[in-house]
Every structure is written in C-alpha cells, then in structure tokens.
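Novice: This is the structure I have questions about; it appears just below.
The values are calculated or read from the model by the stated rules, or taken from the named source; none is laboratory data. Please read all numbers here as calculations on a predicted model, not as lab measurements. As a convention, Cβ positions derive from the backbone with ideal geometry for all residues, glycine included, and neighbour counts pool all protein chains shown. The accessibility values were calculated without ligands, DNA or RNA, using every heavy atom of the protein model including side chains. Shrake-Rupley method; radii C 1.70, N 1.55, O 1.52, S 1.80 Å.
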Amino acid sequence: MSSKINIGFIGLSTRGHWASYAHAPYLKKSSIYTIKAIQNSSIESSKAAAKSFDIDKYYATPEELAQDPEIDTIVVSVKVPLHKRLITPALLQGKNAIVEWPLARNLQEAEELTQLARSKGVKTMVGLQARQSTVVKKMKEIVSSGKLGKILSIHMYASGNAWGAVTNEDHAYLADIENGANMISIPGGHSLDALCYIFGEFESVTATVHNSRNTMEIQDEKGNKTRDIPLTSHDQMSVSGVLTSGAYVSVHFRGGTYKGTNLLWEVEGTHGELQVKGPTGHVQMSFPKLYASFDGKDMEEIKIDEEQATHVNVGRAYDEFAKEDGVYPTWEDAVIRHRMIEAIYKSAQTGTKQTYNPTY
C-alpha cells in the first residue's frame, strides 16, 4: 500500500458510537491514515460528522463515497445487518476494505463478500482486534515457546455485558437473532477467535445455546422503562470440543454483567498454567490481567505495560494493515470464524457434534 492511506469512513457519527471512540482517536492522530470523506445514514448526518471531525468531504450514499478517486480504503463501522450492502460498492470500485466484526449477518453473506473481494484483488481486514491485545500476544508467545509443555485443557467463563435484563434503544437491535449481532457472534466470536489464534482451530464442537430470559427491557436516557422487547438472541452459550492440537476446550458465555466473575480464562499444560482475569468477556476491548505458573511454582501476575484506552487494539490492527507484511485478520479469517459459529448453532439445533473447515 502507499505510504499514506486515504479513508472513506461509513458510520463515523457525532453520536458517540463505537467508531467515534475506537476508530477516530487513532485515525485522527495517525501519520499513516487520513479520513478524506464520511458517509452516514443521511446527508445531514454525514455533513454534521464531517464538520465535527474536521473532514472536508461527505456523501449521501456508499456508491458516491466509493467513486471518490482520492479514496483507496473504505471503513465500515455500523450495525451488522448493513455491512454487506454498504461495503459492496467499495469492492466493486476496487477499494481496499476494513469492516467491523461480525463481517456479515451470517456465513453466506460473509462468503459472498470475501469472494467478491478476492475477485477484485483488494486488501481486506475484519475487526477481530483481540489478536492485537498485548495479553493475547503474550499468551501466544508463551505457548509457542513450549514453557507450558503440552496443552491439556483450556477453559473460558465469560459474561457478554449486553444481552442481560436491560438495554437502551440504540442497542435494541442486538436482541433479534436475525440481525447477526448477538452474544455468540460478538463477544463469543471475538474471544473464541483469540483462543483459536493462540491454540489452533477446533477439530469438532458440541454446543448448547439457551435463553434464560425471553424479553429485554428498553430504557430511555434517564433510565426509565419504555417497553419490553423479545430476546431471541441467546443469552447462554456453552461450547466444548477438542482442538486439532489435541487440547480439550470448554467455553461458557452468559448475557449481562455480574458482581462475580466476568472473565476467567485458564490454560493447563504439562509444565505450567496460565490464567486470565478481567472485567468483561469482550477480550477485544478490555484489559485483563495475565497470571502464570511454571514448573509447579505459585501463580504470579505477568506485568504487561498497557495503555488503558478502548481504541488501542483497533489502532494496532490499523498499524498492521498499513504494512506490506502486517499480521492482521483478513476476511478469509472472518469466514473461518463464521463457519465455526454456524457449527455451534448447528450442534445446538441437532444435539450432535459438528465440524467446520478451518482453512480458506
């Protein structure tokens, strides 16, 4: 890629959503990237955001944005159901593409997008930024070094923050499983991707998904109840299986946030153990603590210098994307994760062990 990367951003608004506090802080101070133009849900929103973020150009449609000759990369950070429609014009124009995770509502859409991107020869990245976490990188380094010996088992117990008893209007769409933005795909997908990035893919999965709650309360900005909505996105998920390495894995995600344990991730090897504790199951956007024990010694914290800001892992992913030999998750990686999620659902529906293709 060129030394300077010119971005057209879809979904950067003044309303304080993910793009404004995870993407914008990095991009605005970057010496590599420049946001050249914005496109939002309306021309008024696009104009307001352009003014707020000091960007010269704004557009009414993704087609207009994609046709801008100054722009070489389109970023999409909006609700999951819109991803395919909004990024397709960029692919057709041969623009490089960065899209938040989940890449699409389902595996079929993810495969269609990836095939189109490959046919156009464009460079892609998906927002599976847990791979950039310093804790995840350190775990991968320790495992690769062999200090743990043979990995025997891996256990993850985590909370999803959302998909609990209450949410707000902006996040109400998360309750509908058809939108593809749910506990299994978002925190489950991010965290399982980090697990597989370190330890390898599953040989097979056995899963249970469940709704402990069937409705979710919607509250206004003042915390007053406005209505109840159906909760068809599952608020409980358990997955167990064996990795291709032979290690056993068990994962339990639950909706909501709790006073007790919100993230406990343990790794047992023949010569050592790792333990990760954190405030949320969203490994991609949190800063958990890492503990280790080697050769039978007591568990001790591994100190990791970490900048405490939401955008850090996102920024590191952008840094890698800008390199010729960068290490970052592509849309091909996203398709593999979508396959895994489909296998989880199929196992839960049929009560049988399921496999998925771990290569693209």
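Novice: How about segment 186-204: which of its residues are farther than 18 Å from Lys138 by Cβ and buried (at least 24 other Cβ atoms within 10 Å of the Cβ)? I'd like the intermediate steps shown before the answer.
Specialist: To start, the set of residues in segment 186-204 that are farther than 18 Å from Lys138 by Cβ comprises 186-189, 192, 201-204.
Listed by number, the residues that qualify are Ile186, Pro187, Gly188, Gly189, Leu192, Phe202.
Novice: Here is a further query. Under 7 Å between Cβ atoms, at least 6 apart or on separate chains: pull out the pairs that start in segment 9-23 with a residue that is touching a residue at least 12 places away in the same chain (Cβ under 8 Å) and end on any residue that is of a type in the set (Val, Ile, Thr) and surrounded by fewer than 18 Cβ atoms within 10 Å (Cβ to Cβ).
Specialist: From residues that are touching a residue at least 12 places away in the same chain (Cβ under 8 Å), the pairs are Tyr21/Thr310; Ala22/Thr310.
Novice: Here is a follow-up. Considering only segment 300-339, state which residues are open to solvent by 20 Å² or more (accessible area, probe 1.4 Å), β-branched (Val, Ile, Thr) and closer than 21 Å to Ala110 by Cα.
Specialist: Val327, Thr330
Novice: Then there's this: Which of the strands (runs of 3 or more DSSP E) contained wholly in segment 253-338 include at least 1 residues that are modelled with pLDDT of 95 or more and of a type in the set (Ser, Thr, Tyr)? Steps first, answer last, please.
Specialist: Working: elements: 263-269, 272-278, 289-294, 300-302.
Correct list: 289-294.
Novice: Of Asp193, Asp176, Asp228, which residue is touching a helix residue (DSSP H, G or I) at 6+ places or on another chain (Cβ under 8 Å) and acidic (Asp, Glu)? Outline the logic, then answer.
Specialist: Values: Asp176 fails: touching a helix residue (DSSP H, G or I) at 6+ places or on another chain (Cβ under 8 Å); Asp228 fails: touching a helix residue (DSSP H, G or I) at 6+ places or on another chain (Cβ under 8 Å).
When all the criteria are applied, what remains is Asp193.
Novice: Mind checking which residues of segment 150-199 are among the polar types (S, T, N, Q) and at negative phi?
Specialist: Filtering segment 150-199 for residues among the polar types (S, T, N, Q) gives 153, 159, 161, 167-168, 179, 182, 185, 191.
Within segment 150-199, Ser153, Ser159, Thr167, Asn168, Asn179, Asn182, Ser185, Ser191 meet the criteria.
Novice: Hey, among the residues in segment 42-88 that are more than 10 Å from Ile10 (Cα to Cα) and of a type in the set (Gly, Ala, Ser), which one's surrounded by the fewest Cβ atoms within 10 Å (Cβ to Cβ)?
Specialist: Per the stated criteria, the residue is Ser42.
Novice: Follow-up. Out of curiosity, is Gly16 open to solvent by 30 Å² or more (accessible area, probe 1.4 Å), modelled with pLDDT under 95, of a type outside the set (D, E, K, R) and not in a helix (DSSP H, G or I)?
Specialist: On the way: open to solvent by 30 Å² or more (accessible area, probe 1.4 Å): yes; modelled with pLDDT under 95: yes; of a type outside the set (D, E, K, R): yes; not in a helix (DSSP H, G or I): yes.
For Gly16, the condition - open to solvent by 30 Å² or more (accessible area, probe 1.4 Å), modelled with pLDDT under 95, of a type outside the set (D, E, K, R) and not in a helix (DSSP H, G or I) - is met.
Novice: Something else: Out of all the residues in segment 259-299, which are touching a Ser or Thr at 6+ places or on another chain (Cβ under 7 Å), open to solvent by 20 Å² or more (accessible area, probe 1.4 Å) and under 18 Å from Gly146 (Cα atoms)?
Specialist: Hits for segment 259-299 are Glu268, Glu273, Met299.
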